[in-house]
1. Along the stretch B:394-406, what does the Karplus equation 6.51 cos²θ - 1.76 cosθ + 1.60 (θ = phi - 60°) give for ³J(HN,Hα), rounded to whole Hz, x for Gly and Pro?
2. Sticking with the crude label model, points 7 Å out along Cα→Cβ, report the distance from B:D461 to B:K223 in nm, one decimal please.
3. Longer than 22 Å from Cα to Cα, which of B:K302/B:K411; B:K223/B:K256; B:K326/B:K378; B:K242/B:K263 are they? Say none if no pair is.
4. Applying the Karplus parametrisation 6.51 cos²θ - 1.76 cosθ + 1.60 with θ = phi - 60° to the phi angles of the stretch B:310-324, what ³J(HN,Hα) value in whole Hz is obtained for each residue in order, glycine and proline being reported as x?
5. With r defined as the distance between the Cβ atoms of B:T328 and A:A73 and R0 fixed at 56 Å, what FRET efficiency is calculated, to the nearest 0.05?
6. If the label point is 7 Å along Cα→Cβ of A:R126, which residues in the stretch A:81-98 have backbone nitrogen under 18 Å from it?
7. For a paramagnetic label modelled at 7 Å from the Cα of B:A405 toward its Cβ, which residues of the stretch B:305-334 fall within the zone defined by backbone nitrogen distances under 15 Å?
8. Among the listed pairs B:K372/B:K660; A:K115/B:K426; B:K336/B:K502; B:K588/B:K614; A:K56/B:K470, which are separated by more than 28 Å between their Cα atoms?
Amino acid sequence: MTSEIKKKIPVKKTILVVEDEAPLQDAIKLKLQRERFRYLPATTAEEALTILEKEKPDLIWLDLLMPGMGGFAFLEKIRQNPAYRDLPVVIVSVSASPEKIRRAFELNVFDYLVKSHYKLDDIIKRIRGFIVKSPSGQSYERN
Amino acid sequence: MKSIKTKTISAFLAVIGVMIILIALIIVVNLGLTNRYKQINENIVYEQALKDEVWLLVEDGYGGIKTNDYSKYTGRLKKILEIENTLNSRFTATAVDKESKVAYRSVRNSLTAVIAVIEETKKDWEEGGELIGTSETFQDAILKFEFVKQNTTDLLLAETKNIAKVTQDIKKIQTFFFLIVGIIVFLVTLILVVFSFVFTKKISGSIIELSETARRISEGDLKISVSGALLERKDEIGSLSKSFALMVNNLKEKIKALEFSGKELDKKVEEISANNRELEKTKTAMVNLLEDANILETSLKKERDRIRTIVSSIGEGIIVVDKKNKITLINQSAEKILEITAAEVLGHDIVKVIPLYSGLERMTLDNHPVAKVLQTGKIFFSSLKDNLYFQLSSGRRFSTIIMAAPILGEKISGVVLMFRDASEEKELDEARTGFISVASHQLRTPLTSMRWFSEMLIDGDAGEINEDQKHFVERIYQGTERMINLVNLLLQIARVEAGRLKIEPVPIDFKNTTQGVISMLRVSLEEKKQKVVIKTDPDPFPVIPMDQEVIWQVIQNLLSNASRYSPAKATISISISQKGEFIEYAVKDTGIGIPKKYQKRIFEEFYRAENALKLVPEGSGLGLYLVRMLVERWGGKIWFESEEGKGTTFYFNIPVQGMKYKEGEVGLGV
């Protein structure tokens, strides 16, 4: 199944993963690289902002509960910047509170996934599916 | 028209006038006669005196002087003498008696001459001069005097004779006059009597006729009418008759009208007396009521005192306010909790004197519970999550739970505010909330990494593993999954138990939601090759407002239970139908069933039936407990029918109006 997907992706997409838990970062890194994504790790939102000054990822994988400014403050900040207003973001959090989900979608994320509910494989599938199909993803690519 | 009054008055005036004239005439004539009579008598009285005295009267052209002692008047005479020449008047000396009757008279052209004459005459007189006569010694001259020589007695006799004659004449005249007067008086009286008789007769006749008519009318004879002769009269009788006739006509009409309304009146009278009877009854009832009220009042007073004692001894703070937010009662507990005394706050506005905060914001008339209750008339309950605080003057701030209820009469007359110091509960609640959020993050993050890594091991991401290794890792994976589910369930239960779960209804289709749950459970269903059949009545089934997460959680738990305890290839039937005011949702399986002896306790926390424990050892015993709490929170019911070994049907219902919105801090998702 993975080999099939590989064939469909001609360009290597860059994914910025903002996640403070090192073991999870390791797992994500392994999975994304196996799926031929370019992987950019950030353990805090502040670090992610620094990376965004130099890099233009195709998608941001964002955790919410992190030390420091946290996922929402980061998201609000990048949405104020016209360059990142439409940048695809997926929230991958342990929390499933409706308030957070609502707030996330108000900040124009393309999906909100509860970590413990999904297999890593399933999350990657969703990301891939979005990058291939999403109009906003495509429009971002053209830019 | 000349009225009777006018006629009578003029007749009387005429008679009186005639009488007055007659009487006056008689008086005047009589007076004249009397005077004359008097003169004659007086002359007789002074008869003797005339013998002795001669009066001298000196007329000076200015009225004269009468004296019998002219010497006394010498001065006066002299004075007259002085003007004699200028006046060139004549002087007459006349001797008169006391009655001014001339004894003799002498006229001279000077006073001196007069005096001389008088002296001379006097001398003669004194010498007893018998001769009294007129001497005209100087006929051509100015001097002229006269003597009367006559015997006084003779004179007097002659006079007396005259008097007697005159007296007789007078008496005759008087008699004549009296006769005339008598006749006149008699005639006048006669005329008056006749006149009045005729007149009275004329008036009283009409009046008798009128009064007869009146009498007959008064006896009820209404056919009679006033005679035409009376009506034609032009005096008061005429107008009286006309008025009377008019009155009679009016009376006839009135009597007709009265007869007409007589029946109406009878009816009215009957109604009024019926009303009166009612009133009498009401009065009696009122009196009874008042007696009862007195008894009631006494017992109310007792009851009031009892309630006061209870209120003051209650541990909760109680404040009663009137409809203007003024504090009218405060119990001891309230004084203690708020660190105030009743004297400080009684009669004051509660909003002003007892600062109440919602979070950090001071409550005002707009949002104060008391104001809300006064406005809506509904009971106000607060909970810990409302974050109400009292702030004391000492600076102490503590969480409170408030209940405010209206005092209802015809209108809201005030509010009872009941509250307690909830600071301990608040601390506990905060600790609990803290635990839930810590648990949701701190437990699930490591569980997630366990899940992902075991998943990758199974997938061979870390290299090929043998069947045994794969089997072991799969066990780790399953255990992790169970752990995650258990944590989720515990967190959900904690939220529901804390009353922090909110319900946000949105229109939801039962069938779609159920199919969503089925597709989520597809893996396990496919594993056991089980089938789920959904039937709705009616089909399609109407959309109703529900909280998506809550209904999802309930259906998912019931469906996964049905699948778990049913054999392979079993069919699970779901039916949705309307039963009166409720929608009934049934999940029927063909599983192991619930033995009778466990049925009572099946919804208890962590409770599992023995046969279930045997078949599925990894179950938590939390699923049905959570389902029951959720169904009860939306106001529904959950029950089941089951036979051991044959299967179970779980039912829950929901009002046709759907779920109602409920405030809360969190949803079911964790």
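1. Working through the residues one at a time gives 6, x, 5, 10, 9, 6, 9, 10, 10, 10, 10, 10, x Hz.
2. The modelled label-to-label distance comes out at 13.6 nm.
3. Going by Cα-Cα distance, B:K302/B:K411; B:K242/B:K263 fall outside the 22 Å limit.
4. Computed from phi, the couplings for the stretch B:310-324 are 4, 4, 6, 9, 5, x, 7, x, 10, 10, 10, 10, 8, 6, 9 Hz.
5. 0.65
6. Within reach of a label on A:R126, which here means backbone N under 18 Å from a point 7 Å along Cα→Cβ, the stretch A:81-98 contributes A:87-98.
7. Backbone N within reach: B:307-308, B:310-312, B:314-321.
8. A:K115/B:K426; B:K336/B:K502; A:K56/B:K470
Here, each number is a calculation from the coordinates, and none is a lab measurement. Treat the numbers as computed from the prediction; the structure is a model and nothing was measured. Here the Cβ is made from the backbone with ideal geometry for all residues, glycine too, and neighbour counts use every protein chain on show.
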